[in-house]
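To start, the structure itself, in C-alpha coordinates.
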Amino acid sequence: MSNILVVTSVESTRKVIQEILPRTIYPWIQFVSSAMDAKNQLRQRRYDLCILQPPLKDEFGVRTAREIEVTFSIGVLLLVKNDIYDQICFQVKEQGIFVMALPASRQMLLQTIANGMAAQIKIQALSKQLQKEKKRLQDEKIIYRAKLILIENYHWDEKKAHHYIEKLAMDTSRKKVDIARSITEGDLRSS
(Lines give C-alpha, C1' and ligand atoms only; values in the text may rest on other atoms or scores of the structure.)
Protein backbone atom coordinates (compact mmCIF):
# COMPACT_ATOMS: atom_id res chain seq x y z
CA MET A 1 0.00 0.00 0.00
CA SER A 2 1.31 3.46 -0.91
CA ASN A 3 0.97 6.43 1.38
CA ILE A 4 1.25 9.67 -0.54
CA LEU A 5 1.35 13.19 0.84
CA VAL A 6 0.43 15.93 -1.63
CA VAL A 7 1.45 19.45 -0.66
CA THR A 8 -0.16 22.04 -2.93
CA SER A 9 -2.26 25.15 -2.66
CA VAL A 10 -3.42 24.79 -6.29
CA GLU A 11 -6.93 23.33 -6.45
CA SER A 12 -6.59 22.17 -10.07
CA THR A 13 -3.52 20.06 -9.18
CA ARG A 14 -5.39 18.53 -6.28
CA LYS A 15 -8.28 17.55 -8.58
CA VAL A 16 -5.99 16.05 -11.24
CA ILE A 17 -4.09 13.97 -8.68
CA GLN A 18 -7.36 12.73 -7.17
CA GLU A 19 -8.48 11.66 -10.66
CA ILE A 20 -5.29 9.89 -11.71
CA LEU A 21 -4.69 8.26 -8.31
CA PRO A 22 -8.07 6.77 -7.39
CA ARG A 23 -8.64 5.84 -3.75
CA THR A 24 -9.33 2.24 -4.77
CA ILE A 25 -5.67 1.86 -5.78
CA TYR A 26 -4.13 4.50 -3.50
CA PRO A 27 -6.30 4.47 -0.37
CA TRP A 28 -4.09 6.77 1.66
CA ILE A 29 -3.53 10.10 -0.07
CA GLN A 30 -3.41 13.14 2.17
CA PHE A 31 -3.63 16.70 0.83
CA VAL A 32 -2.21 19.73 2.67
CA SER A 33 -1.43 23.24 1.48
CA SER A 34 1.44 24.45 3.65
CA ALA A 35 4.95 23.41 4.63
CA MET A 36 3.98 23.42 8.30
CA ASP A 37 1.01 21.10 7.68
CA ALA A 38 3.21 18.80 5.58
CA LYS A 39 5.80 18.46 8.36
CA ASN A 40 3.08 17.81 10.91
CA GLN A 41 1.59 15.05 8.74
CA LEU A 42 5.01 13.49 8.20
CA ARG A 43 5.61 13.36 11.96
CA GLN A 44 2.26 11.61 12.50
CA ARG A 45 2.32 9.02 9.71
CA ARG A 46 4.80 7.18 7.49
CA TYR A 47 4.57 8.23 3.84
CA ASP A 48 6.23 6.66 0.81
CA LEU A 49 6.14 9.71 -1.44
CA CYS A 50 5.63 13.45 -1.04
CA ILE A 51 4.41 15.40 -4.05
CA LEU A 52 5.07 19.09 -3.55
CA GLN A 53 4.01 21.97 -5.80
CA PRO A 54 5.50 25.40 -5.05
CA PRO A 55 4.54 28.00 -4.06
CA LEU A 56 3.00 26.87 -0.80
CA LYS A 57 0.89 29.01 1.49
CA ASP A 58 3.71 29.67 3.94
CA GLU A 59 6.84 29.48 1.76
CA PHE A 60 8.04 28.70 -1.74
CA GLY A 61 8.65 25.00 -1.09
CA VAL A 62 12.09 23.99 -2.34
CA ARG A 63 13.62 24.26 1.14
CA THR A 64 10.75 22.16 2.49
CA ALA A 65 11.30 19.54 -0.22
CA ARG A 66 14.97 19.26 0.78
CA GLU A 67 14.10 19.08 4.46
CA ILE A 68 11.46 16.40 3.89
CA GLU A 69 13.82 14.27 1.82
CA VAL A 70 16.58 14.43 4.44
CA THR A 71 14.53 14.31 7.64
CA PHE A 72 11.91 11.74 6.70
CA SER A 73 13.85 9.66 4.10
CA ILE A 74 11.01 9.50 1.60
CA GLY A 75 10.79 10.18 -2.11
CA VAL A 76 9.96 13.75 -3.07
CA LEU A 77 8.48 14.91 -6.37
CA LEU A 78 8.50 18.64 -7.04
CA LEU A 79 5.96 19.92 -9.58
CA VAL A 80 7.23 23.27 -10.89
CA LYS A 81 6.36 25.70 -13.66
CA ASN A 82 8.22 25.11 -16.89
CA ASP A 83 10.01 28.50 -16.76
CA ILE A 84 11.78 27.66 -13.46
CA TYR A 85 12.35 23.93 -14.11
CA ASP A 86 16.08 24.22 -14.90
CA GLN A 87 16.72 26.45 -11.89
CA ILE A 88 14.92 24.08 -9.49
CA CYS A 89 16.64 21.02 -10.98
CA PHE A 90 20.00 22.69 -10.34
CA GLN A 91 19.03 23.53 -6.75
CA VAL A 92 18.00 19.98 -5.81
CA LYS A 93 20.22 17.89 -8.07
CA GLU A 94 22.28 16.46 -5.21
CA GLN A 95 19.33 15.51 -2.99
CA GLY A 96 17.78 12.97 -5.35
CA ILE A 97 14.53 14.89 -5.55
CA PHE A 98 12.44 14.28 -8.68
CA VAL A 99 11.42 17.44 -10.54
CA MET A 100 8.66 17.63 -13.14
CA ALA A 101 7.79 20.63 -15.31
CA LEU A 102 4.18 21.79 -15.55
CA PRO A 103 2.03 21.87 -17.54
CA ALA A 104 2.24 18.14 -18.28
CA SER A 105 -0.18 15.51 -19.46
CA ARG A 106 -2.03 13.37 -16.94
CA GLN A 107 -0.28 10.32 -18.34
CA MET A 108 3.15 11.92 -17.83
CA LEU A 109 2.23 12.92 -14.27
CA LEU A 110 1.00 9.41 -13.46
CA GLN A 111 4.12 7.86 -14.98
CA THR A 112 6.38 10.20 -12.99
CA ILE A 113 4.55 9.39 -9.75
CA ALA A 114 4.80 5.67 -10.52
CA ASN A 115 8.54 6.02 -11.19
CA GLY A 116 8.97 7.93 -7.94
CA MET A 117 7.15 5.21 -6.03
CA ALA A 118 9.20 2.46 -7.71
CA ALA A 119 12.43 4.26 -6.87
CA GLN A 120 11.33 4.66 -3.25
CA ILE A 121 10.46 0.96 -2.97
CA LYS A 122 13.93 0.05 -4.24
CA ILE A 123 15.56 2.50 -1.84
CA GLN A 124 13.62 1.06 1.10
CA ALA A 125 14.60 -2.50 0.11
CA LEU A 126 18.26 -1.50 -0.16
CA SER A 127 18.05 0.29 3.17
CA LYS A 128 16.68 -2.85 4.85
CA GLN A 129 19.41 -4.93 3.24
CA LEU A 130 22.03 -2.45 4.43
CA GLN A 131 20.69 -2.62 7.99
CA LYS A 132 20.84 -6.44 7.91
CA GLU A 133 24.43 -6.30 6.69
CA LYS A 134 25.38 -3.80 9.40
CA LYS A 135 23.89 -6.10 12.04
CA ARG A 136 25.70 -9.10 10.57
CA LEU A 137 29.01 -7.22 10.60
CA GLN A 138 28.45 -6.10 14.21
CA ASP A 139 27.75 -9.71 15.20
CA GLU A 140 30.88 -10.87 13.35
CA LYS A 141 32.96 -8.26 15.21
CA ILE A 142 31.66 -9.52 18.56
CA ILE A 143 32.40 -13.13 17.60
CA TYR A 144 35.87 -12.16 16.38
CA ARG A 145 36.59 -10.34 19.66
CA ALA A 146 35.45 -13.38 21.63
CA LYS A 147 37.77 -15.61 19.59
CA LEU A 148 40.66 -13.25 20.31
CA ILE A 149 39.92 -13.41 24.05
CA LEU A 150 39.90 -17.22 23.92
CA ILE A 151 43.12 -17.27 21.90
CA GLU A 152 44.86 -14.89 24.32
CA ASN A 153 43.55 -16.45 27.56
CA TYR A 154 43.77 -20.15 26.65
CA HIS A 155 46.43 -20.06 23.89
CA TRP A 156 44.05 -21.75 21.47
CA ASP A 157 44.26 -21.39 17.74
CA GLU A 158 41.46 -19.65 15.81
CA LYS A 159 39.90 -22.92 14.70
CA LYS A 160 39.58 -24.24 18.27
CA ALA A 161 38.15 -20.92 19.52
CA HIS A 162 35.62 -20.93 16.67
CA HIS A 163 34.65 -24.55 17.39
CA TYR A 164 34.25 -23.78 21.11
CA ILE A 165 31.83 -20.89 20.41
CA GLU A 166 29.84 -22.96 17.91
CA LYS A 167 29.62 -25.99 20.22
CA LEU A 168 28.62 -23.90 23.23
CA ALA A 169 25.93 -22.17 21.15
CA MET A 170 24.61 -25.51 19.94
CA ASP A 171 24.69 -27.12 23.39
CA THR A 172 22.83 -24.20 25.03
CA SER A 173 20.46 -23.44 22.11
CA ARG A 174 21.74 -19.90 21.85
CA LYS A 175 23.10 -17.83 19.01
CA LYS A 176 26.84 -17.68 18.47
CA VAL A 177 26.74 -13.91 18.95
CA ASP A 178 25.10 -14.34 22.37
CA ILE A 179 27.84 -16.76 23.45
CA ALA A 180 30.46 -14.38 22.07
CA ARG A 181 28.87 -11.49 23.97
CA SER A 182 29.08 -13.49 27.19
CA ILE A 183 32.74 -14.18 26.53
CA THR A 184 33.58 -10.55 25.74
CA GLU A 185 31.74 -9.37 28.84
CA GLY A 186 33.81 -11.80 30.93
CA ASP A 187 30.82 -13.91 31.96
CA LEU A 188 31.90 -17.39 30.90
CA ARG A 189 29.97 -19.00 33.74
CA SER A 190 26.59 -18.19 32.10
CA SER A 191 27.85 -19.66 28.86
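The values are calculated or read from the model by the stated rules, or taken from the named source; none is laboratory data. The structure presented is a predicted model; accordingly, all values stated were derived computationally and were not measured. Neighbour counts run over all protein chains shown; Cβ positions are idealised from the backbone, glycine included. Surface accessibility is based on the protein's heavy atoms, side chains included, excluding ligands, DNA and RNA. Shrake-Rupley method; radii C 1.70, N 1.55, O 1.52, S 1.80 Å.
Of 142, 179, 113, which residue is in contact (Cβ under 8 Å) with a residue 40 or more places away in the chain, open to solvent by less than 50 Å² (accessible area, probe 1.4 Å), assigned to a helix (DSSP H, G or I) and farther than 24 Å from residue 3 by Cα? Outline the logic, then answer.
Details: 179 fails: in contact (Cβ under 8 Å) with a residue 40 or more places away in the chain; 113 fails: farther than 24 Å from residue 3 by Cα.
When all the criteria are applied, what remains is 142.
Looking at region 103-150 only, could you name the residues that are among the hydrophobic types (A, V, I, L, M, F, W, C) and closer than 20 Å to residue 185 by Cβ?
Step one: of region 103-150, the residues among the hydrophobic types (A, V, I, L, M, F, W, C) are 104, 108-110, 113-114, 117-119, 121, 123, 125-126, 130, 137, 142-143, 146, 148-150.
Once the filter is applied, which keeps residues that are among the hydrophobic types (A, V, I, L, M, F, W, C) and closer than 20 Å to residue 185 by Cβ, region 103-150 yields 137, 142, 143, 146, 148, 149, 150.
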Note down all Cβ pairs under 8 Å where the first residue falls in region 1-20 and is without any contact (Cβ under 8 Å) to a residue 24 or more places away in the chain, the second is of a type in the set (Phe, Trp, Tyr), and they're at least six residues apart or on different chains.
14/31
Yes/no for residue 55 being open to solvent by less than 80 Å² (accessible area, probe 1.4 Å), out of contact with any helix residue (DSSP H, G or I) (no Cβ under 6 Å at 6 or more places or on another chain) and more than 22 Å from residue 93 (Cα to Cα):
no
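Only one of 145, 136 is more than 26 Å from the chain's Cα centre (by Cα) and modelled with pLDDT of 90 or more. Can you tell me which?
Unique residue meeting the criteria: 145.
Can you name the residue in region 12-49 that is aliphatic (A, V, I, L, M) and within 21 Å of residue 111 (Cβ to Cβ) and, of all such residues, is farthest from the chain's Cα centre (by Cα)?
As a first pass, look at region 12-49 and keep what is aliphatic (A, V, I, L, M): 16-17, 20-21, 25, 29, 32, 35-36, 38, 42, 49.
Within this subset, residues satisfying the condition of being within 21 Å of residue 111 (Cβ to Cβ) are 16-17, 20-21, 25, 29, 49.
Values: 16: 28, 17: 24, 20: 26, 21: 23, 25: 22, 29: 19, 49: 11 Å.
Out of the qualifying residues, it is 16.
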Selection status of residue 118, under 21 Å from residue 6 (Cβ atoms) and either outside any strand (DSSP E or B) or under 17 Å from the mean Cα position of the chain (by Cα) (or both):
yes
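Among the residues of region 27-52, which ones are in contact with a strand residue (DSSP E or B) (Cβ under 6 Å, 6 or more places away or on another chain) and open to solvent by 20 Å² or more (accessible area, probe 1.4 Å)? So that I can check it myself, show each step before the final result.
The initial filter retains those residues of region 27-52 that are in contact with a strand residue (DSSP E or B) (Cβ under 6 Å, 6 or more places away or on another chain), namely 28-32, 38, 41, 47-52.
The answer is 28, 30, 31, 41, 48.
Looking at region 77-85, can you tell me whether even one residue there is under 18 Å from residue 123 (Cα atoms) and crowded, with 16+ Cβ neighbours inside 10 Å? Before the answer, list the steps.
Step one: list which residues in region 77-85 are under 18 Å from residue 123 (Cα atoms), which gives 77.
Then drop every residue that is not crowded, with 16+ Cβ neighbours inside 10 Å, which leaves 77.
Yes, some residue in region 77-85 is under 18 Å from residue 123 (Cα atoms) and crowded, with 16+ Cβ neighbours inside 10 Å.
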Regarding residue 159, is this residue of a type in the set (D, E, K, R), within 30 Å of residue 10 (Cβ to Cβ) and open to solvent by 100 Å² or more (accessible area, probe 1.4 Å)?
no
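Here is a yes/no grid of residues against (1) polar (S, T, N, Q); (2) modelled with pLDDT under 90; (3) open to solvent by less than 70 Å² (accessible area, probe 1.4 Å):
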site: 88; (1), (2), (3): no, no, yes
site: 98; (1), (2), (3): no, no, no
site: 101; (1), (2), (3): no, no, yes
site: 105; (1), (2), (3): yes, yes, yes
Just checking, does region 51-58 include any residue being closer than 30 Å to residue 178 by Cβ, modelled with pLDDT of 90 or more and of a type in the set (A, V, I, L, M)?
no
So which residues in region 50-67 are within 15 Å of the chain's Cα centre (by Cα) and either under 18 Å from residue 10 (Cβ atoms) or free of Cβ contacts under 8 Å to residues at least 24 places away in the same chain (or both), if there are any at all?
50
